[in-house]
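Visitor: Quick one: structure below, then a few questions.
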Amino acid sequence: MNKKVILLAFTLIVWGSLFSQKSYTAFNANSPEIKYTGRTEKSANGEVRFNWSGTYLETGFTGSYVAIRASDTKRNYYNVFIDGVQTGVISVSGKDTTIVVAKWLKAGKHNLVLQKRSEGEQGTTTIKSIILESPGTLIAATPKKDRHIEFIGNSITCGYGTEGLVKTDPFKAETENCNIAFSCITARYFNADYTLIAHSGRGAARNYGDTSRVSKVTMRELIDGTFDMEPEKKWNFKEYTPDLVVINLGSNDFSTKPHPLKDEFIASYDKIISKLRAVYGDVKILCVAPPKGGAFDYLREYCIEKKDKNLHFTAYLNGVYNDDSDLGSSGHPNYEGQKKIAMTLIPHISSIMKWELSENPVK
C-alpha cells in the first residue's frame with residue numbers, strides 16, 4: 001500500500017472519529033424544570049440532597065439519552081421510570097459518579113421519574129446534575145397532583161424486604177423497594193403524590209430491640225427532620241401540606257420486651273399528633289394499628305378519647321396476609337402481602353377523604 005493511500009485512510013479515520021463524537025449538556029439538579037417530591041435540601045451551587053425513602057424527582061426532556069451526576073454517603077438504590085414505565089434500577093455511591101439512566105430512546109419528548117427505593121439508613125444522596133445529549137433540553141415536569149398523602153411509619157411503610165424471595169432471606173438494601181409497599185400502592189390507587197417519613201425498626205415510644213421501655217430517638221423526633229438520621233437538620237414544613245397523613249406505628253414498640261407502659265406509649269404518640277396539628281393544622285389523620293401487640297387497644301381508645309373529628313382509627317389484622325407466600329425478607333410482607341394491606345386501608349381512606357373508589361387496579 002503506497003503512502004498516499006495510507007495517509008487518506010488515516011485522514012478518514014480521524015475525521016470519522018471527530019464526527020462521531022457526541023456532546024452533552026449538564027443541567028443543575030435544582031433546575032426549575034425538575035420537580036422533587038419529598039424532603040430535600042437545595043444548595044446554592046445547584047445541588048439537591050435528600051435521604052428519606054420514597055423521595056422522587058420528575059422532569060421532562062428531549063433526546064435519546066439521559067444520565068445523572070450524583071454522589072452518596074453510602075449506597076442507595078433507585079427505581080427508574082421512563083414515560084411511565086419502569087425501565088430498571090440504578091445504584092448511587094461514591095463521591096462523584098455519572099450514571100446512565102436511559103439511552104437509545106426514540107427521538108422526541110420523554111418523561112423521567114427517579115424514585116429512591118431504599119432508606120435513609122443506607123446513606124444520603126446528592127444529585128448534582130441531569131445530563132442530556134446535545135441538543136437535548138429539559139422540559140417542565142408535570143404539575144403536582146391534586147392529592148398528597150404523607151405516610152409516617154416503620155419497615156412495612158418503607159418496603160423492607162419486599163423483594164425478598166422467602167421469609168428466611170436476610171435483609172439486603174437492594175431488595176428493599178418502597179414502590180411496592182402499601183404506602184406507594186395506596187398513593188398510586190388514588191393518583192396522589194406521596195411522602196414517606198419512615199424508618200425500619202422505629203416506633204412511637206420504643207424502637208425494636210431497645211433495652212429501655214422508652215427510646216431516646218423514635219419517629220417522635222424523626223418526623224421533624226429534613227433528613228433521616230440527621231435530627232439536627234429541621235424541616236420547615238412549608239414546602240407542602242398533605243391532604244392526609246397515615247401513621248403506621250406501634251409494632252416495634254411492642255415487638256420485644258420491655259414494652260412501654262400504656263401512658264408512655266400514648267404520651268409519645270400524642271406528641272406526634274400534636275406536632276402534625278401544629279404544622280399542618282386540621283389535616284385528616286388516619287392512625288393504623290398493627291395486627292398484634294398493645295398498640296391496637298391503646299390507639300383505639302386514644303382516638304376515641306381525643307374527640308378530634310379529623311383523627312381516625314383503623315387496623316390491619318392477623319390473617320390479612322399469610323405466613324408463607326406473602327412474606328419476603330426477615331418475615332416482612334412482600335409485594336403480595338403489601339397489596340393486601342393496601343386493600344384493607346383503601347376503603348377507610350375513601351370514606352375519610354370522600355375520594356371515590358374506582359376501577360383502578362391495586363398495584
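Visitor: Working only within the range 188-225, note down all residues that are hydroxyl-bearing (S, T, Y) and more than 19 Å from A289 (Cα to Cα).
Guide: Y189, Y194, T195, T211, S212, S215
Visitor: Can you tell me which of (1) more than 21 Å from Q115 (Cα to Cα); (2) assigned to a strand (DSSP E or B) is the one I197 doesn't meet?
Guide: Going through (1) more than 21 Å from Q115 (Cα to Cα); (2) assigned to a strand (DSSP E or B) one by one, I197 breaks only (1).
Results for (1) touching a Gly at 6+ places or on another chain (Cβ under 8 Å); (2) surrounded by fewer than 18 Cβ atoms within 10 Å (Cβ to Cβ); (3) closer than 21 Å to A187 by Cα; (4) in contact (Cβ under 8 Å) with a residue 12 or more places away in the chain, shown as yes or no for each residue.
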| site | (1), (2), (3), (4) |
| --- | --- |
| F61 | yes, no, no, yes |
| A67 | no, no, no, yes |
| A70 | no, no, no, yes |
| S93 | yes, yes, no, yes |
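Visitor: Assuming E119 fulfils every condition listed in (1) in contact (Cβ under 8 Å) with a residue 60 or more places away in the chain; (2) charged (D, E, K, R); (3) open to solvent by 10 Å² or more (accessible area, probe 1.4 Å) apart from one, which condition is it?
Guide: All conditions pass for E119, except number (3).
Visitor: Restricting to the range 304-335, count the residues that are without any contact (Cβ under 8 Å) to a residue 60 or more places away in the chain and outside any loop (DSSP other than H, G, I, E, B).
Guide: Final tally of qualifying residues: 8.
Visitor: Residues that are aliphatic (A, V, I, L, M): find the strands (runs of 3 or more DSSP E) completely inside the range 47-166 holding 2 or more of those.
Guide: 66-82, 85-102, 109-116, 125-133, 148-153
Visitor: Restrict the check to the range 328-335 and report whether at least one residue is open to solvent by less than 70 Å² (accessible area, probe 1.4 Å), among the polar types (S, T, N, Q) and farther than 17 Å from I185 by Cα.
Guide: Checked the range 328-335: at least one residue is open to solvent by less than 70 Å² (accessible area, probe 1.4 Å), among the polar types (S, T, N, Q) and farther than 17 Å from I185 by Cα.
Visitor: Look through K284, K306 and report the one residue that is buried (at least 17 other Cβ atoms within 10 Å of the Cβ), among the basic types (K, R) and at pLDDT 95 or above.
Guide: K284
Visitor: For the range 226-239, check the following and say yes or no: at least one residue is over 26 Å from S43 (Cβ atoms), touching a helix residue (DSSP H, G or I) at 6+ places or on another chain (Cβ under 9 Å), touching a residue at least 24 places away in the same chain (Cβ under 8 Å) and open to solvent by 10 Å² or more (accessible area, probe 1.4 Å).
Guide: Scanning the range 226-239 turns up no residue that is over 26 Å from S43 (Cβ atoms), touching a helix residue (DSSP H, G or I) at 6+ places or on another chain (Cβ under 9 Å), touching a residue at least 24 places away in the same chain (Cβ under 8 Å) and open to solvent by 10 Å² or more (accessible area, probe 1.4 Å).
The values are calculated or read from the model by the stated rules, or taken from the named source; none is laboratory data. All values reported here derive from a predicted model rather than from experimental measurement. Counting neighbours? That spans all protein chains shown, and the Cβs are built from the backbone with ideal geometry, glycine included. Heavy atoms of the whole protein, side chains included, go into the accessibility calculation; ligands, DNA and RNA do not. Shrake-Rupley method; radii C 1.70, N 1.55, O 1.52, S 1.80 Å.
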